[in-house]
Amino acid sequence: MEVIFEMKKIALVLGGGAAKGYAHIGVIKALEEWGLYPDVLIGTSMGALIAGFYSAGFTPAEMEKIAKEMDVRKMAKVFGISLSSQGFVSLEGVEEYLRSYLGYVKIQALKRKFVATAVDITNNQALFFDRGDLVKAILMSISIPFVFVPISADRIIVDGGVLDNVPVRALSLLDENYFSIAVNVVPTVKHTVRLADSDEIPVKEKLNLIEKITKKRPEAAFREQAMGFISYIVRVSQMMISEINMRRIEEYRSDIYFDVDSGIDSQDFHKAEIAIEAGYKRAQEMKGQILTKLGTEG
């Protein structure tokens, strides 16, 4: 009697991490080489952006090409400075950039099921977008608090990483049972505890941010101030993200969970190649475990 193996449906959960999230492209590339094509993509922040492109039909090779074209000059154009009370980087340039590739496609019209996370600060809600305008969902998911000016008008919607940086919680909302692979690109941060003397900490000189920006060329000012501040915010938030991640992973378990440490900083969008290769290599290290647990042969 012939036995036919029925492949389980796969949910790929992609965590946030700004430029570190380019590693997800490498992970997807590896999965496809093994003949694994995720049926649903769930993403937070940069993970939502990569998930959105893939769900819209972009191949890993096409995404890699787009990512490698990002340089400091293009970053300065995409991430425009804004003096809003809610952030200092406008998402208008980011929207224009995303629309040039994704247009105005609806999530429900995508080639694969897609979910993006965000947080409604006004109403204290975790949001999981599974319908509506794709680019709008991505923009809300990547809206890092204090950095990007939220696009929402009647409420404050921010980056999903505030509550679900690796959005395994979304798995409980799906209408089917999927074999889940979750990828975290933000290294776990462990902290120590000690009593300290406030006088041991030197105080830096006072700086006028606006004056410094206006005296420099746009690209130089952007690189030094905007991206430096984004890195500062992300590094501060990594401790909180690590604590939340550990709790989420314990409460909402995925079938496979692994970290990718690309070695690049969160603002290094011009180092996509390094992150992509790191994601690819880490996925290859997980190949045996993934295929064994999935019930296939490598």
Worksheet item: Is it the case that residue 138 is outside any helix (DSSP H, G or I), under 15 Å from the mean Cα position of the chain (by Cα) and either more than 13 Å from residue 54 (Cα to Cα) or of a type in the set (Val, Ile, Thr) (or both)?
Response: no
Worksheet item: If you take the residues of the range 219-256 that are crowded, with 18+ Cβ neighbours inside 10 Å and of a type in the set (Phe, Trp, Tyr), which of them is modelled with the lowest pLDDT?
Response: 222
Worksheet item: Can we say residue 166 is outside any helix (DSSP H, G or I) and in contact (Cβ under 8 Å) with a residue 60 or more places away in the chain?
Response: yes
Worksheet item: Among 81, 138, which is surrounded by fewer than 21 Cβ atoms within 10 Å (Cβ to Cβ) and aliphatic (A, V, I, L, M)?
Response: 81
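Conditions (1) modelled with pLDDT of 90 or more; (2) among the small types (Gly, Ala, Ser); (3) in contact with a strand residue (DSSP E or B) (Cβ under 6 Å, 6 or more places away or on another chain); (4) surrounded by fewer than 12 Cβ atoms within 10 Å (Cβ to Cβ), marked per residue:
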{"residue": "169", "(1), (2), (3), (4)": "yes, no, no, no"}
{"residue": "182", "(1), (2), (3), (4)": "yes, yes, yes, no"}
{"residue": "202", "(1), (2), (3), (4)": "no, no, no, yes"}
{"residue": "208", "(1), (2), (3), (4)": "no, no, no, yes"}
Worksheet entry | Evaluation of residue 291 against (1) in contact with a Gly (Cβ under 8 Å, 6 or more places away or on another chain); (2) more than 13 Å from residue 26 (Cβ to Cβ); (3) in a loop (DSSP other than H, G, I, E, B) (one fails), failing number | (3)
Worksheet item: Can you name the number of the only condition in (1) assigned to a loop (DSSP other than H, G, I, E, B); (2) surrounded by fewer than 18 Cβ atoms within 10 Å (Cβ to Cβ); (3) of a type in the set (Val, Ile, Thr) that residue 144 fails?
Response: (2)
Worksheet item: In the range 36-50, is there at least one residue being part of a loop (DSSP other than H, G, I, E, B), open to solvent by 10 Å² or more (accessible area, probe 1.4 Å) and either touching a Lys or Arg at 6+ places or on another chain (Cβ under 6 Å) or more than 23 Å from residue 188 (Cα to Cα) (or both)?
Response: yes
Worksheet, complete the sentence: Flagged pairs (Cβ under 8 angstrom, 6 or more apart or on separate chains; first in the range 237-256, within 11 Å of residue 165 (Cβ to Cβ); second basic (Lys, Arg) and open to solvent by 40 Å² or more (accessible area, probe 1.4 Å)) are 242/190; 248/169
Worksheet item: Quick one: is residue 105 open to solvent by less than 80 Å² (accessible area, probe 1.4 Å) and under 15 Å from the mean Cα position of the chain (by Cα)?
Response: no
Fill in: Residue count for the range 58-67, restricted to those that are more than 23 Å from residue 91 (Cα to Cα) and open to solvent by 30 Å² or more (accessible area, probe 1.4 Å)
3
Practice prompt. Looking only at the range 93-107, decide whether some residue is in contact with a Pro (Cβ under 9 Å, 6 or more places away or on another chain) and within 21 Å of residue 54 (Cα to Cα).
Written response: no
Practice prompt. Scan 114, 128 and give me the residue that is aromatic (Phe, Trp, Tyr) and buried (at least 24 other Cβ atoms within 10 Å of the Cβ).
Written response: 114
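The values are calculated or read from the model by the stated rules, or taken from the named source; none is laboratory data. Predicted model only: the values in this text are computed from it and were never measured. Cβ coordinates were reconstructed from backbone atoms using ideal geometry, including for glycine residues, and neighbour counts include every protein chain displayed. Surface areas here come from the heavy atoms of the whole protein model, side chains and all, with no ligands, DNA or RNA. Shrake-Rupley method; radii C 1.70, N 1.55, O 1.52, S 1.80 Å.
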